[in-house]
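Here the structure is laid out as structure tokens; the discussion comes afterwards.
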Amino acid sequence: MGMVEWHGSTGILSPTHQHVSGRFDVAASKGVLIRGICGAYSCNQSEVEFQNKARAYINVQFNAPRDFACQEDSYGIEWGGPSQGCTTVSQMTALDVLVAGITANP
């Protein structure tokens, strides 16, 4: 699977849960990816170019569930929206991207 398949035309991570329906590890992979990028962002304070690219990527992902996949105070797994229901997995995945957005934009 290439990076193009991971993202929609807007740069928002695709709903990976559709590839293997019902698998927690696949659905949560978006959160794990964002958490990893956030960790690399935090550890590479001297790499300004990397910091800028990582922050821009995190910001796209951070804004997506807030703008498109939110129903009141719950987030769907399909960040490009519209929200099609919220699950425990979608809430945990949203936490990863929301924390990353706060970390990258103190």
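The values are calculated or read from the model by the stated rules, or taken from the named source; none is laboratory data. These figures come from a predicted structure and were not determined experimentally. All Cβ positions, even for glycine, are placed from backbone atoms using ideal geometry, and neighbour counts span all protein chains on display. Keep in mind that these areas ignore ligands, DNA and RNA; they rest on the heavy atoms of the full protein, side chains included. Shrake-Rupley method; radii C 1.70, N 1.55, O 1.52, S 1.80 Å.
Val20 passes every criterion in (1) assigned to a loop (DSSP other than H, G, I, E, B); (2) modelled with pLDDT of 90 or more apart from (2). The residue of the stretch 66-106 that is modelled with the highest pLDDT, among those that are within 15 Å of Ser14 (Cβ to Cβ), open to solvent by less than 20 Å² (accessible area, probe 1.4 Å) and assigned to a helix (DSSP H, G or I), is Val97. In the stretch 62-76, the residues that are among the polar types (S, T, N, Q) form Cβ pairs under 8 Å with partners that are open to solvent by less than 90 Å² (accessible area, probe 1.4 Å) and at pLDDT 75 or above, at six or more places apart or across chains, as follows: Asn63/Gly101; Gln71/Cys86; Ser74/Cys86; Ser74/Ser90; Ser74/Gln91. Considering (1) assigned to a helix (DSSP H, G or I); (2) open to solvent by less than 60 Å² (accessible area, probe 1.4 Å); (3) under 19 Å from Ser9 (Cβ atoms), the lone condition that Ala40 does not fulfil carries the number (3). Scan the stretch 28-50 and report the pairs whose first residue is under 22 Å from Thr88 (Cα atoms) and without any contact (Cβ under 8 Å) to a residue 24 or more places away in the chain and whose second residue is polar (S, T, N, Q) and assigned to a helix (DSSP H, G or I), with Cβ atoms within less than 8 Å and a gap of 6+ or a chain change. Hits for this filter: Ser29/Thr16.
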